[in-house]
Structure formats: structure tokens, C-alpha cells
Amino acid sequence: MSETSLRINPALWFVAPALALIGLFFFLPVAAALLLSFTDFDIYALGDRGTLRFVGLDNYFRLLKDPMFWIALKNTLYFVAVGGPLSVAVSLGVALLVNHRLVKFKGVLRSLLFLPVVMTLVAVAVVWRYLYHPRYGFLNYALGLVGIGPIDWLGDPRWAMPAIILMAIWKNFGFNMIIFIAGLQSIPTRLYEAATIDGADAWRQFRHITLPMLAPTSLFVTIITMIGYFQLFAEPYVMTQGGPANSTLSVALLMYQEGFRWWNMGYAAAVAFVLFAWILAGTVLQLMLRTREP
Amino acid sequence: MTRWVVGWLLYGALGVGIALTLFPLLWMFSVSFMPAMEATRFPPRLFPETVTFEHYRTLFAQLDLALYMANSAGLAAAITLISLLLNSMAGYALAKLRFGGRDLLFKLLLAAMVIPGQVAMLPLFLMLKEMGLINTYAGVIVPGMASIFGIFLIRQYAQSIPDSLLDAARIDGAGELRIYWSLVLPLCKPILVTLAIFTFMGAWNDFMWPLIILTDSDLYTLPVALANLLGEHVQDTELMMAGSVLTLLPVMLVFLFLQKYYIEGLILGSVKE
């Protein structure tokens, strides 16, 4: 046997540090979270591990009976199901505008529209809290000019979630817009030229060339948007603390409150795993729906 | 004629889009220079009657903003440097070096990107508590030292390096570490810049993890400090706007100067799932 085959493949030295860290500080905690969700880890166990008990699926049964969990899940699904598609639609619309052949200064436009994406969410939320102020905020002032009466955006349970969705769209649309523009630019122009010769108008070209050719891009964008939106946390934390009347309490915020405010870590781990299950199910569903289409 | 109308409609729509995008940011700037109480008048003012820097002075002189800024900058720089080194090593190996189970490993890492970070947070907190890293800078840095996304981005880029180039270096007797350091890293410079920007901004903007780990206000990062400040100064709109400006300005400048790298990297990261 030659000496070289006994030596460790040098490639392993390259991957080992990063993989060890990701394993130790990501995969191991994820696995531990599953175990944690089967225990009654609480503030007493934090001080003395002796009080820790294995409770099986009790945390998950408790979730099913916890009205706060159902409220948080309903709010999160509202945010994902309404905010997600709206955000993707706005991104696509703006991408089509910027990418239009008659538009000049594409680079500058693209960068300006992208600006909110790189902004710190906490600072953005502080600014939008002010924009939404019922008395001094600019939004109500602007709506007042066209005769729409003052809305208590963040103080009214009916409006708080739409307000957070509006801000999230403003903050995020630029990200998907860039990806859509890249997708649009990869569509061969000869397809449009052929369609024009055949007399297809702009709408039919959009419907029969642009949309089908963008399908892989749309799938990618839809999935990453959905995964991100399920993790809603900083917006309600900063703007509403989950209120009013729990109308903006999200699953991630509930997990944070249960785990890091009340130290019910076993229960909070169950909340986190249910969130993971929803994200996984949503992703698989998206992949199945799209791949079945021709 | 129709071409002219379409052009106007396009620019009109884009103008509205740009205005809506920039208005909250411009108003934030404007309000941060207003004297106290001017922002809480009706109708709202677009520009300050007299420009004042008093809120910026208060933030630096009484509210330790320079400290939070230094904390944020230091933490983001540390995370960026460490993760850039480790991710580039792993990404290069996954793209160009052969070892058993390489492709399976890569697929596993990609699949793990659906796992939300929040799932790991509770046990990670307990682990770091055992290690005595709660309420330390190390506790903030540790989970960011390597990232799947970073490895993925480097791998996508490193795949374009020709094998013949690496083999030629090997024939010349260069060791693997030397090839990585003096051949691969320089070739990967554009994507390293991109990843550095991504990582720096991500760390600068991160909120939930520093919020959990840092309990001592001297260690706060800017976003945590800003959220905390909001609790005490919710009525001082002008002051909060000045705090937001100071939080956003560094990332805004980084983006405006390095946007080419940022946007190209984003596209590269999205072309192949």
C-alpha cells in the first residue's frame, strides 16, 4: 500500500472547519431543539437540570389547545398568504417596467429601487411607525387630502397586519425585482420578434412568452419569499409588540416570548418546530405544484 | 405617437415607484434635523423650519451611540473576516477538490437552507450558556463564523476556475494550501467582495440573535440599542429619526459604493437553486 493512500485527503482540511462549525452551531442545535420540544424545560430547569422531565408530545398537545398559538399561526399565515404573493407581484411589475426597452438609466433605477432591501429592518420599522402615526404621520395626511378619514394603522386590530404587510413589501420588493430582471434578460429576444411578426400584442406576448419563460425564476422567488415571510419577527417586535389585541403576534414572536421572556424553552422549541414544519410543507407544496405543470 | 405615449406612461409609473421607495428615507433625514416637537405638528412638515443637529449631539453625548456603532462595526467586521476565510475554503473544496461524498454533502447543505434559523436558537442559547458565552461578543459571532449560503456562493463561482490551471500549479510543486491562498483566492476576488458585503450587511442588520445574546447595554449593537431606545423615547420622534439615520447610513454608503458587486452576487446566488 502506498503512503499517499494513508494520508488524509487534503480536501477534508478545507471543508472541515466550516462544516464543523455549521454542524456544531446549526445542525446539532436543530437536532437538540427536537429533543428539547419533548421536555418540560422551563425557568427552573435553567437553574437546576435535575427538574427537567421528558414529557413526550405534551408540548405539541398543549399547542393545539393554546389560543395564542392559533392566533399566532393565523396571523403568520395571513402575512405569508397575502404579503407573499403581493410582494412577488409588485417585484414582477417593477421588474417589467425597469426592463422595458424604452427605459434608459436602468442601472440607476435598479439601485434606487433596491435601496430599502439593504436597510436595517429595526431602523426602517422605527421610521414606518412614524409614517403610520394616526395624527402626525404622513400616510394619514396624504390619505386625508383625498378625503379618506384617519386610520389608526398600528392601533386598530384590523389595520395593523395590513400596515406591516405594506411595509414589508416596500422593504423587500427590490430583492425579487433584481432576480426577475435577470430572468427577463435571459429570455431570447427572437421569441418576441417572432411573436410580433405573428401579430401578437403586448398582453399576449406577456402571457405566452414572458410568464412561461419566467416560471423557474418565479418558483425560486416564491419559495424564498415564503420562507422569509414565515419567519416574521422584527417588524411586529419593533412596531406593535404583537398587538393590538394580538393581531400581529407571529409564530416567531410567540417562540421568542415563550422561550426568551418566560423561559418555557421546551414549549418554545415545539413552537419553533411547528414553524419549521409549515415552511417545509409550503416548500414541498410549491415544488410539487410547479413541477406537475408542463 | 404610441411609442411616445408608452414612454411617458413608463416613466410616470417608474417615477411614482421611485418616489414611494425613497420618500420614507428622505423624510427620515429631513425630520432628524427638525427641532424637538416640530415633527409632531399637523399638517406634517416636509422640511425643517430651522436645521438643528441637537438630536445627533444628544445621541452621541448622552446616549452612547458611538459605542453601539463601534460594537456593530467590530462584530460585523469579525464575522465577515472569519466567515470569508472558512466559507471560501469549503466552497473551493466543494467545487474543485475531489473527496468521497462531496456531492451528497453539497445537496444536504442546500436542503438545510429551508430550516429557519429560529429552530436552532433555543438550544444554541443553552449551549452558549454552558460555554459562558452569553452576554459576550463571542456569543454573537459564533453562529456566524460559517454559513451555508456563503459556501454555496463561493462554490458556484469557483466552479469556473479551469482545472488545468490548478493542475499546472500542482505539477510545479505547489502545495494545496498555497494553491488556495495564492491562486484560488485572487481568482475569486469578485465573489469574495460580494460575499463580504452580504455578510457585513447581514451582520450589521441582524436583530434577533444579538437581542437574545446581549443583555448588558454596553455590548448592544445598533439595532438592539435602537429598539431599546424606542422604548424610552417613543415620543421623541426627531431623536428616533436621527438614530435611524445613523443606523442606516453605513449600510447605505456601503451599498451605494459597492452595489455592482452586491447585485451581481445576488443574481449569481439565484441562478441555480
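Each distinct pair of alpha carbons in segment A:51-190 adds a 1/r term; the inverse of their mean, the Kirkwood radius, is 18.2 Å. Peptide B:31-41 has a mean of 1 when you count, residue by residue, the C-beta atoms of other protein chains within 10 Å of its C-beta.
Amide H to amide H distances under 5 Å link residue A:39 with A:55, where only residues 5 or more positions off or on other chains count and H is placed in the peptide plane.
If r is the Cβ-Cβ distance from residue A:34 to residue A:64 and R0 is 25 Å, what FRET efficiency results, to the nearest 0.05?
After rounding, the FRET efficiency stands at 0.90.
Rounded to whole Å, the principal axis extents of the Cα atoms in chain A read 78, 76, 35, largest first. Packing order of peptides B:9-18, A:170-179, highest average first: A:170-179, B:9-18 (average count of other Cβ atoms within 10 Å over each peptide's residues). The GluC sites (Glu not before Pro) of segment B:31-93 meeting both criteria, a DSSP state outside H, G, I, E and B (loop) and at most 12 other C-beta atoms within 10 angstrom of the site's C-beta, are B:49.
Residues considered: B:142, B:245, B:119. Largest GNM mean-square fluctuation over chain B, using C-alpha springs under 10 Å, is found at B:119. Within 10 Å of the Cβ of each residue in B:16-23, the mean number of Cβ atoms contributed by other protein chains is 4. For residue A:65, give me every one of the aspartates and glutamates with a C-alpha distance below 20 angstrom, ignoring sequence neighbours fewer than eight places off in its own chain. Hits, sequence-local ones excluded: A:40, A:42, A:258. Computed over all pairs of different Cα atoms, the Kirkwood value for the hydrodynamic radius of the protein assembly as shown is 25.7 Å. When you work out D = kT/(6 pi eta Rh) for chain B at 25 °C and 0.890 mPa s, using the Kirkwood radius from C-alpha pairs as Rh and the Stokes-Einstein form, the result is 112 µm²/s.
A Förster radius of 60 Å combined with the Cβ-Cβ distance from residue B:170 to residue B:54 puts the calculated FRET efficiency at roughly 0.40.
Summarising the label geometry, the points placed 7 Å from Cα in the beta-carbon direction at residue A:193 and residue A:8 lie 5.7 nm from one another.
Stretching residue A:46 away from residue A:284 to a fully extended chain increases their span by 82.0 nm, per 0.36 nm per residue minus the current alpha-carbon distance. Here the 3J(HN,Hα) profile of segment A:66-73, calculated from phi with Karplus coefficients 6.51, -1.76 and 1.60 at θ = phi - 60°, is 8, x, 4, 5, 5, 4, 4, 5 Hz, Gly and Pro shown as x. When you restrict to C-alpha pairs under 8 Å that are six or more residues apart and normalise by the size of chain A, the relative contact order lands at 28 percent. For a straight C-alpha distance cut-off of 23 angstrom, the lysines reachable from residue B:189 (same-chain residues fewer than eight places away being disregarded) are B:96, B:260, B:272. Protection proxy ranking for A:145-153, A:73-81, using the average of other Cβ atoms within 10 Å per residue and placing the highest first: A:73-81, A:145-153.
Across segment A:162-294, Cα pairs under 8 Å and at least six residues apart give a relative contact order of 19 percent. For segment B:109-188, trypsin sites (Lys or Arg not before Pro) are listed when DSSP marks them as loop and at most 16 other Cβ atoms sit within 10 Å of their Cβ; the list is empty.
Summarise the partner chain shielding of B:89-98 as one whole number: the mean count of Cβ atoms from other chains within 10 Å of each residue's Cβ.
5
We did not get these values from a lab; they are worked out from the coordinates using the rules stated. Keep in mind that what you see is a predicted model, and the values were worked out from it rather than measured. Note: ideal-geometry Cβ built from the backbone for every residue, glycine included; neighbour counts use all protein chains shown.
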